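Chemist: Quick one: the structure is below, and I'll ask about it shortly.
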Amino acid sequence: MTTGRFITVEGIDGAGKSSHLEFLASAIRARGAEAVVTREPGGTPLGEKLRELVLHEPMDGTTEALVMFAARREHLVRVIEPALARGAWVLSDRFSDATFAYQCGGRGLDRGVFRTLESLVHPHRRPDATFLFDLDPAAALERQRAQSRTPDKFEREAAGFFGRVREAYLDRAREDPARVRVIDASGGIEDVRARLAEAFARAFP
Ligand code: TYD
C-alpha cells in the first residue's frame, strides 16, 4: 500500500527550481514524513552514468529521449517505488514532464510516441503534484549567466529552444491543471518561495 506522496519540480534551465528543493524537503519533514530528495536524469548509480552521457555527449534527439526514459525506469523501480511503499515522500528534481518539454517541445519529437513509452515505463505512477517554475527564457538566461559554472549541452541551447520548452511545459499544465501547479518564478527568491509555499499548502491541505 502506498502512503507516501510523489512530488516533482520542473522548469526551464535558469528558472531557479533547484534553489527551492531544500525548502520543499523541510515542508515535507514538518509534516512528520521522511523526504527523499532525488533527481532526473539520475537518482541511481546507473542513472547518474546515463546523466553524464546525455548531458554532455552529442546524440540524436530520439536517442536522448530513450536514455531519459531508461534512466527513469531504473529510478522508478529502485528509488521512487520503494520509498513511496515505506511511506516516504519523494521529491524529484524533474520527471517525465521534462521529456515532453525538452525532447518533444524543444527538439520537436512526437508526443504520442512518448505517451506510449510513459505508459510502459511508469504505467501506474504519476506525480501527486508538480510545481512548474515558469519564467521568461531571457530572464532565465540572465540567471544562468550569473552562475559561473560551465554550461551543459542543454544550457548551451539558443533562446528559441527554451521558448519551445516553456510552451510545452505550459501545455502539460493546461492538460492536467489539478496536478501541475504553475509558479511564477520571476522576481526575488523570497517572493518565489512565498508563492511556492502557498501552492504547496493548496496541493497538500
Ligand atoms: P538540471 O535538472 O537543470 O540540473 P542542473 O541544475 O544540475 O543543471 O539538468 C538536467 C538537464 O536535463 C536539463 O537541461 C533538462 C534536461 N532533461 C531533458 O532534456 N529531458 C528529461 O527528460 C530530463 C529529466 C532532463
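The values are calculated or read from the model by the stated rules, or taken from the named source; none is laboratory data. Quick caveat, the model's predicted, so the values are computed rather than measured. Heads up, the Cβs are rebuilt from the backbone with ideal geometry, glycines too, and the neighbour counts pull from every protein chain shown.
Chemist: Residue 185 passes all but one of (1) more than 14 Å from the ligand (Cβ to nearest atom); (2) buried (at least 16 other Cβ atoms within 10 Å of the Cβ); (3) closer than 17 Å to residue 94 by Cα; which number fails?
Modeler: (1)
Chemist: While we're here: Given the residues 51, 78, which is the only one that is within 13 Å of the ligand (Cβ to nearest atom), at negative phi and modelled with pLDDT of 95 or more? Break it down into steps so the answer makes sense when it comes.
Modeler: Working: 78 fails: within 13 Å of the ligand (Cβ to nearest atom).
Of the residues listed, the single one that is within 13 Å of the ligand (Cβ to nearest atom), at negative phi and modelled with pLDDT of 95 or more is 51.
Chemist: Moving on to the next point. Can you name every residue in region 154-182 that is within 16 Å of the ligand (Cβ to nearest atom) and not in a helix (DSSP H, G or I)?
Modeler: Hits for region 154-182 are 154, 155, 156, 157, 158, 180.
Chemist: Can residue 65 be described as among the aliphatic types (A, V, I, L, M) and within 14 Å of the ligand (Cβ to nearest atom)? Let's see the steps before the verdict.
Modeler: Details: among the aliphatic types (A, V, I, L, M): yes; within 14 Å of the ligand (Cβ to nearest atom): yes.
Taking the combined requirement at face value, the residue satisfies it.
Chemist: I'm checking my understanding of the structure. Among residues of region 144-153 that are assigned to a loop (DSSP other than H, G, I, E, B) and more than 10 Å from the ligand (Cβ to nearest atom), which one is surrounded by the most Cβ atoms within 10 Å (Cβ to Cβ)? Let's see the steps before the verdict.
Modeler: Narrowing region 144-153 to residues assigned to a loop (DSSP other than H, G, I, E, B): 147-153.
Okay, now just the ones that are also more than 10 Å from the ligand (Cβ to nearest atom), so 148, 150.
Numbers: 148: 5, 150: 7.
Across region 144-153, the extreme among qualifying residues is 150.
Chemist: If you scan region 32-72, which residues turn out to be free of Cβ contacts under 8 Å to residues at least 24 places away in the same chain and under 30 Å from residue 190 (Cβ atoms)?
Modeler: 32 - this is the single residue of region 32-72 that is free of Cβ contacts under 8 Å to residues at least 24 places away in the same chain and under 30 Å from residue 190 (Cβ atoms).
Chemist: Find the residue count for region 101-129, including only residues that are in contact with a strand residue (DSSP E or B) (Cβ under 6 Å, 6 or more places away or on another chain) and either among the charged types (D, E, K, R) or within 13 Å of the ligand (Cβ to nearest atom) (or both).
Modeler: As a first pass, look at region 101-129 and keep what is in contact with a strand residue (DSSP E or B) (Cβ under 6 Å, 6 or more places away or on another chain): 127-129.
Next, from what is left, pick out any that are either among the charged types (D, E, K, R) or within 13 Å of the ligand (Cβ to nearest atom) (or both): 127-128.
Total meeting the criteria: 2.
Chemist: Additional query: Are any residues in region 29-48 in a helix (DSSP H, G or I) and either in contact with a Lys or Arg (Cβ under 8 Å, 6 or more places away or on another chain) or within 15 Å of the ligand (Cβ to nearest atom) (or both), and if so, which ones?
Modeler: Applying the first criterion (in a helix (DSSP H, G or I)) to region 29-48 yields 29, 45-48.
Within region 29-48, 46, 47, 48 meet the criteria.
Chemist: Hey, among 156, 126, which residue is within 15 Å of the chain's Cα centre (by Cα) and surrounded by fewer than 18 Cβ atoms within 10 Å (Cβ to Cβ)? If you could, list the steps in order and put the result at the bottom.
Modeler: Values: 156 fails: within 15 Å of the chain's Cα centre (by Cα).
Sole residue among the options that is within 15 Å of the chain's Cα centre (by Cα) and surrounded by fewer than 18 Cβ atoms within 10 Å (Cβ to Cβ): 126.
Chemist: Just to be sure, is residue 132 within 12 Å of the ligand (Cβ to nearest atom) and touching a residue at least 24 places away in the same chain (Cβ under 8 Å)? Spell out how you get there, then give the answer.
Modeler: Details: within 12 Å of the ligand (Cβ to nearest atom): no; touching a residue at least 24 places away in the same chain (Cβ under 8 Å): yes.
In short, no.
Chemist: For region 16-28, what are the residues that are of a type outside the set (Lys, Arg) and either modelled with pLDDT of 95 or more or not in a loop (DSSP other than H, G, I, E, B) (or both)?
Modeler: Filtering region 16-28 for residues of a type outside the set (Lys, Arg) gives 16, 18-28.
Scanning region 16-28 gives 18, 19, 20, 21, 22, 23, 24, 25, 26, 27, 28.
Chemist: Taking region 87-100, which residues are touching a residue at least 60 places away in the same chain (Cβ under 8 Å) and either within 11 Å of the ligand (Cβ to nearest atom) or assigned to a strand (DSSP E or B) (or both)?
Modeler: Taking region 87-100 as the starting set, the residues that turn out to be touching a residue at least 60 places away in the same chain (Cβ under 8 Å) are 87-95, 97-98, 100.
Result: 89, 90, 91, 92, 93, 94, 95, 97, 98, 100.
Chemist: Residue 137 passes all but one of (1) farther than 25 Å from residue 84 by Cα; (2) away from the ligand (no atom under 15 Å from the Cβ); (3) under 17 Å from the mean Cα position of the chain (by Cα); which number fails?
Modeler: (2)
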